[in-house]
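Below: the structure, in structure tokens.
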Amino acid sequence: LAQALLETELYEGHCLLMLDEPTNHLDVEMIEWLEQYLSTQKTTLLMVTHDRYFLDEVCNEIIEMDQERIYIHQGDYAHYLEQKAHRQDVNQSEWLKDKNIYRRELEWMRKQPRARTTKSRSRQDAFRDIEDRVKLQKQELDIQLQVKMTRLGGKVLEMKKVYKSFGDKVLLRGFDYTFKRGERIGIVGKNGVGKSTFLRIALQLMEPDSGKINHGETVVFGHFSQEGLQYKEDKRVIEFVKDHAEFFPLADGTKLSASKFLERFAFTSEQQYTYLSLLSGGEKRRLQLLSILFRNPNFLVLDEPTNDLDLQTLQLLEEFLLDYQGCILLVSHDRYFMDKLVDHLFVFEGDGHIRDFPGNYSQYRQAVQQEEKKNEQPLQSADKKTEEAQTSVSLIPAVKLSFKERRELESLETDIPALHKEKETLE
């Protein structure tokens, strides 16, 4: 990324900058810097990204690829969503009309022609065209899944006076918190301050230097790590999911088959029989997430779940998590995703200090900006006082020295060493 930005500086005004998911693995502070940098450059930018706030700040045109077609939208991400919703409404209306025509024409096709007559060739061709359109058109999937999960008891997760460091680098300095039922906590901070380590300690996958970690008896954790999809042998997607369970239990007592569950998260019936090794990076991340949800956890621990996910999958995941009744502990650099899902933040400020902030990321940024303004005011007032003092000094009229006084002033430089020697002799 640094090399690409350097080249844009060298060839300013004559450069096409192409970025493929530039925000992946960057911390939030770096993403905000990159936003500001790119929005002020005069370089032509072609970018693939799933970061919606980044899109809003940097881009003024969005190209959408959907079902082998390309749609161009002038404007930001919010405008794109409006245009896409309108297009889907129109397509749905046309699909319903086509479906009614298809039903009537199908009856006509099944009828035997009258004696000594043949069916219209043009009408048969038109039927085949409309049949193709009806079969191609896909209805929007209903992704509302009320998960059936073990009820959380009064005790969820306790972390008491937890310390952790690696050599001289301190990550946790006496962290103390008791998690409550239904909490949705986001974790933000620079890369390398210990966010992933914190999650591993909370899950008891890593021992702290000191302190206690207590899990409630009814807690079932679902851990989405940055390590990616783990599998011992190459299997088909449907086989991999069925290894966990054949059916996904819902809150209303019904069950969803593994195949139907995969369809809800954009794995078509054809994709379900693809081997794991042939999946793209984004599809593997999506399958990793599904395999965790399929175990019905009541406490989700998600470490950068949005990396490599496309916007469609992100929206599906958001809708699922908004209806989720369990606890969520989330590390993410996706500010839009964070704002939508969490109502509480742990801000890793470095050197083991963690700030407990009640609110989402946008509210936190507003609070930080207000604090910075308050800190700037005393400095500005101090600068103002200094300027006033300098002004008052400059207003004092200069005193004109006499000839004798000027001679005295000039001789001081030669007199001072002699006076120092006299002082030492007297002492």
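The values are calculated or read from the model by the stated rules, or taken from the named source; none is laboratory data. In this text, all values refer to a predicted model and were calculated from it rather than measured experimentally. Here the Cβ is made from the backbone with ideal geometry for all residues, glycine too, and neighbour counts use every protein chain on show. Note: areas computed on protein heavy atoms with side chains; ligands, DNA, RNA excluded. Shrake-Rupley method; radii C 1.70, N 1.55, O 1.52, S 1.80 Å.
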From most to least accessible, 1.4 Å probe, no ligand or DNA/RNA atoms counted, Met159, Met65, Met18, Met47 line up as Met65, Met18, Met47, Met159
Residue-ordered couplings for the range 39-46, obtained by feeding phi - 60° into the Karplus form 6.51 cos²θ - 1.76 cosθ + 1.60 and rounding to whole Hz (Gly and Pro as x), are 5, 9, 7, 9, 7, 6, 10, 10
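If you rank Tyr275, Tyr324 by how much accessible surface each has, with a 1.4 Å probe, what is the order from largest down?
Details: Tyr275 90, Tyr324 15 Å².
I get Tyr275, Tyr324, largest accessible area first.
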Scalar couplings 3J(HN,Hα) for the range 223-228 by Karplus 6.51 cos²θ - 1.76 cosθ + 1.60 (θ = phi - 60°), nearest whole Hz, x for Gly and Pro, are 10, 9, 9, 7, 5, x
Taking Cα atoms only, Rg over Rh for the range 1-51 with Rh from the Kirkwood formula is 0.94
Given backbone amide H placed at 1.01 Å from N, residues whose amide H is under 5 Å from that of Gly359, ignoring those fewer than 5 places away on the same chain, are His344, Leu345
Taking a ≥ b ≥ c as the square roots of the Cα gyration tensor eigenvalues, with a/c under 1.5 meaning rounded and otherwise prolate when a/b beats b/c or oblate if not, the range 170-220 comes out oblate
Taking a ≥ b ≥ c as the square roots of the eigenvalues of the Cα gyration tensor, with a/c under 1.5 meaning rounded and otherwise prolate when a/b exceeds b/c and oblate if not, the range 199-276 is oblate
The range 18-97 accessible area per residue, 1.4 Å probe, protein heavy atoms, integer Å², reads 63
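So if R0 is 35 Å, what FRET efficiency would Leu81 and Asp351 give, r being the distance between their Cβ atoms, rounded to the nearest 0.05? Don't skip to the end; give the middle numbers.
Details: r = 41 Å, r/R0 = 1.17.
Given R0 = 35 Å and the Cβ-Cβ separation, E is 0.30.
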Computed from the beta carbon distance with a Förster radius of 51 Å, FRET efficiency for Asp168 and Glu21 to the nearest 0.05 stands at 0.90
Among Ala258, Gln325, Leu287, the residue whose Cα sits farthest towards the positive end of the charge dipole of the range 240-357, when +1 is placed on the Cβ of each Lys and Arg and -1 on the Cβ of each Asp and Glu, is Ala258
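Just reorder Glu246, Glu319 by solvent-accessible area, largest first, 1.4 Å probe, all chains present.
Values: Glu246 100, Glu319 75 Å².
Of Glu246, Glu319, the descending order of accessible area is Glu246, Glu319.
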